[in-house]
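Beneath this line is the structure, given in C-alpha cells, with notes to follow.
We did not get these values from a lab; they are worked out from the coordinates using the rules stated. It should be emphasised that the depicted structure is a prediction, and the values quoted were computed from it without experimental measurement. Every residue, glycine among them, receives a Cβ derived from its backbone with ideal geometry; neighbour counts consider all protein chains shown.
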Amino acid sequence: MSSTTHRDHQVATPGDAPRRDLAQIGLAAVTAVIGAYTIYDASTLQVGFADPVGPRIFPYAIGTGLLVTSALLVVAALRGDRPEAEGGEDVDLDVRADWVTVAKLVGIIGITIATIGFLGWAISGAILFAGSAWALGSRTLVRDVIVGCVLAVVSWYAFYSGLGIPLSAGILDGIL
C-alpha cells in the first residue's frame with residue numbers, strides 16, 4: 001500500500017483499496033440476527049383487541065434500531081472506516097491484568113447465582129455488593145456489609161413494590 005504521511009495521518013493514494021475490518025462486519029451480523037429475532041419475537045406476542053399500541057411497539061423499535069445500526073456498521077466497514085484505537089488515557093497499558101481480582105469477582109457472582117434461590121435476593125445481593133467491594137480492594141468490611149444490606153433490601157423493594165417484579169425473598173419470605 002503506497003501512502004503519504006501528512007501531519008501524522010496516512011493519506012491513501014488513488015490506487016489504494018480501503019481495508020475492510022472483518023470484526024465490524026461480524027459484529028454487524030450478530031447485531032442483525034439479534035434485531036431480526038427481536039422483531040420476530042415481538043410478532044408472536046399475544047395482545048388484547050382493546051390495546052392499540054400494546055407491548056409490541058418497544059421490541060419492534062429496538063429490533064428496527066438494531067437492524068439499522070447493523071446496516072450502517074456494514075456500510076462503514078465496507079467503506080474502510082475503522083474505529084480509532086483506545087489511547088488508554090486513564091489506563092496504564094503496560095500493567096498486566098489482575099487475574100486474582102477477576103477470579104474473586106467471578107467467585108462472588110457464582111456464589112450469588114448459587115444462593116439466590118435459597119437465600120433470596122436480599123441476602124445474596126448483600127453478599128454480592130459487599131463481596132464485590134472486597135474484591136475490588138475495599139478493606140472496611142463492616143461498612144461494606146451494611147451498605148450491601150441496604151442496597152440489596154432497597155433494590156428488592158424497588159423491584160417488588162415499585163416495578164411489580166417479584167424477586168426471590170428466600171429464607172426471608174414473610175419478613176420482607
Note on Ala97: of the conditions (1) in a helix (DSSP H, G or I); (2) under 30 Å from Ala28 (Cα atoms), unmet is (1)
Please work out if Arg143 is over 30 Å from Ile25 (Cβ atoms) and in a loop (DSSP other than H, G, I, E, B). no
Asp98 vs. criteria among the acidic types (Asp, Glu) and buried (at least 18 other Cβ atoms within 10 Å of the Cβ): no
Considering only region 145-176, how many residues are surrounded by fewer than 16 Cβ atoms within 10 Å (Cβ to Cβ), under 14 Å from Ile116 (Cα atoms) and in contact (Cβ under 8 Å) with a residue 24 or more places away in the chain? 3
